[in-house]
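Scroll down for the structure; my scribbles are underneath it.
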Amino acid sequence: MTAALPTDIQAPRLAVQTRGVAKRYGRDFALLGVDLQVPEGAVYVLVGPNGAGKTTTLKLLLGLLKPDGGSVRVMGMDPRADGPRVRAQVGYVPERGDWGYPYMTVKRLLQHHAVYFPAWDWDYAARLANAFELDLSRPVGKLSKGLARRVHLLLAMAHRPPLLILDEPTDGLDPVMRDETLGMLAEHVAETNCTVLICTHIVHEVDRLADHLGVMREGRLTAQMPRETLHRMLRRYRADIPEGWQGAPGLDGTVIRRGGVGREIQWSVWGDEREVSRKLAESGATVRDAAPLTLEDAAVALLSRRE
Amino acid sequence: MELAPPRRAFAAPLAAADRVTTPPPASALALNPAPRLWDVFREQLAAARLALRREAMVAAGLALLLTLLTLMAAMADPGAAAPLTPEDAIPAGAMALLVPMAVWKEEGPRLRGYHHGMPVARSTHAMLRAGAGLVWTLLGVGIYLAWLGALDGGFDGRAPPWQWLAPFVGAAVLYLFGTALTLLASHPWRWVGGAAVAFVALVSMSHVGGLRPLWDTVSYLLSGHMGIQTVLTGDVHDLTIPEWDPYLPVLSTWLKAASLWLAAGVGAFLLAAHRQPES
């Protein structure tokens, strides 16, 4: 038996909702039955290894790709039928660096972008440009990866969209700028109460922002939950085991990750803490402590879980 | 460099009272507005001008060189210059086929994510970009004709006024076909180059029996009664007219040919705009 990880988020309003979304490239499925649910006002971090389908999911939300099955709703609208209105609500940072026109200067690109987003706030754009230390006179095509990333973030944030979709937003940023950027992002979220959907495989960077976690693997969303649920239900149990210990049959299927040295086990187990501790005790193990995992450890545990 | 909105009215920032200074609630009730298409078109005009700037500078440099050479030739032989005819606009029309590749530079079908990511319907956005490029193309044809006319010492008075429309219509047709190709093909230059090589090969082998029907078709499409040359120049290739020159301006035929080619160009463009690959 395998522990049923939560894949349904209870929220009064969802900024993003997909149901059974499938996307195929040729014969291969990039996505299969994805039910993504991002509550309004949440900072939802979608983790997964390369090729898990994260970027494809984001492109479907923007209407850049057409799903082969299922339904997509963003701010209550279908991106395929209402793409322009959906994209007007979204600040998007793509994974790829070729975003914008290389023959424009940064300043000209901002002016270009502002025309498309009438809610563009020039004062805020100036503040962001200053914080990101951008040289506005440089051609976009000659920016380094990190500088281009900062421009993308500025483009995404300066019109204060209700929904930010960020695909590897800190990719290419140096540690100082990464910290600065995440600070700006936290400030932005606090100011605007916007919904943020972040795709990343470097989870610790967004630890301080995230309040929801989704886990994607091989085109499927295997788990999604509020951070509070993750904190409460997924814990690392450190226990001493007797010689010849036969394991804890009562926990079959709920152990997400096994580890340990010698007579000490360190298991990440999904379940109610009292229940798990009781089952471990029944098996003869002595539980020393049960600690919640960091977001990154939880993501790694959920990603490495064998079905 | 100070960050400020452009001075153009259409891109001006919102008035202070309208500016979003308080956090908009993340609710479907507080949706951000989509842009006005007219604003997008004007911005595309400006963006296309930027995209074409380098090519325009090269063309201007060549024009300067040709002007100097022509002036030197005119000084050597003052009576040699002949007035400009609509036929002289054929090179400008041919260039119109290549302009879309500059308008969409570095935006191959799979690299159009930024363009497609804007809050405008994909096909509409392609039409606005293409429309902006067309405006600059037609302006370029006009400048080319004016420059050539000035260089040649005037326009051919024998050409009826309507015939001066032909280079513009022909350029628009070729621009539309070029845009369709650019929207769909990853390497449009290769297609144009391949077509040119194939044409040269066909010319050299046109006498080969099996290739004769193909050569006749291509020849008709290029310079036949309803061919693209007719659209570009207004001159109709008609051997039944008892003149020494079989090319004569015939308005009704030109209108038919222009309508046919324009419809085909618009059709190809619309098809391409609707069938752009996902990026």
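Quick notes on this one:
- If you bin all the Cα-Cα distances of region A:122-265 at 5 Å, starting from zero, the percentages per bin are 2, 7, 15, 16, 14, 11, 9, 8, 6, 5, 4, 2, 1, 0, 0.
- Helical content alone sets the calculated 222 nm signal of chain A at -9000 deg cm²/dmol, taking -39,500 (n - 2.57) per DSSP H segment of four or more residues and averaging over every residue.
- Hull-based mean projected area of region A:75-133, where the convex hull spans the alpha carbons, in square nanometres: 5.2 nm²
- Considering chain A, its Cα convex hull presents a mean projected area of 17.6 nm².
- Rh by Kirkwood over Cα pairs, then Stokes-Einstein D for region A:162-218 at 1.567 mPa s and 4 °C, µm²/s: 108 µm²/s
- For region B:148-216, projected area of the alpha-carbon convex hull averaged over all directions, nm²: 7.8 nm²
- A dipole drawn for the protein assembly as shown from +1 and -1 charges on Cβ atoms has a positive end, and of B:Pro86, B:Pro213, B:Leu69 the residue lying farthest that way is B:Pro213.
- For region B:47-86, diffusion coefficient by Stokes-Einstein and Kirkwood Rh (Cα), 4 °C, 1.567 mPa s, µm²/s: 107 µm²/s
- Dimensions in Å of region B:38-141 - Rg and Dmax from alpha carbons: 18.1, 59
- Distance cut-off 41 Å, percentage of C-alpha pairs in the protein assembly as shown lying past it: 42 percent
- With N the number of residues in region B:147-188, Rg(Cα) / (2.2 N^0.38 Å) evaluates to 1.70.
- Over 24 Å (Cα to Cα) - which of A:Lys66/A:Lys142; A:Lys59/A:Lys142; A:Lys107/A:Lys145; A:Lys66/A:Lys107; A:Lys23/A:Lys142 fall in this group: A:Lys66/A:Lys142; A:Lys59/A:Lys142; A:Lys66/A:Lys107; A:Lys23/A:Lys142
- About the centre of its Cα atoms, the protein assembly as shown shows a dipole size close to 820 debye [charges on the beta carbon of Lys, Arg (+1) and Asp, Glu (-1) only; nearest 20 debye].
- Each Cα pair under 8 Å and six or more residues apart adds its separation to the average, and for chain A the resulting relative contact order is 22 percent.
- For region A:1-66, the square roots a ≥ b ≥ c of the C-alpha gyration tensor eigenvalues yield an a/c of 1.5 or more together with a/b not exceeding b/c, which makes the shape oblate.
- Ligands, DNA and RNA left out, the accessible area of region A:1-53 computed with a 1.4 Å probe is 47% carbon and sulfur.
- Per residue value of the accessible surface for the protein assembly as shown (all protein chains in place, 1.4 Å probe), Å²: 46 Å²
The values are calculated or read from the model by the stated rules, or taken from the named source; none is laboratory data. Source: prediction; values computed, not measured. Cβ coordinates were reconstructed from backbone atoms using ideal geometry, including for glycine residues, and neighbour counts include every protein chain displayed. With ligands, DNA and RNA removed, areas are computed over all heavy atoms of the protein, side chains included. Shrake-Rupley method; radii C 1.70, N 1.55, O 1.52, S 1.80 Å.
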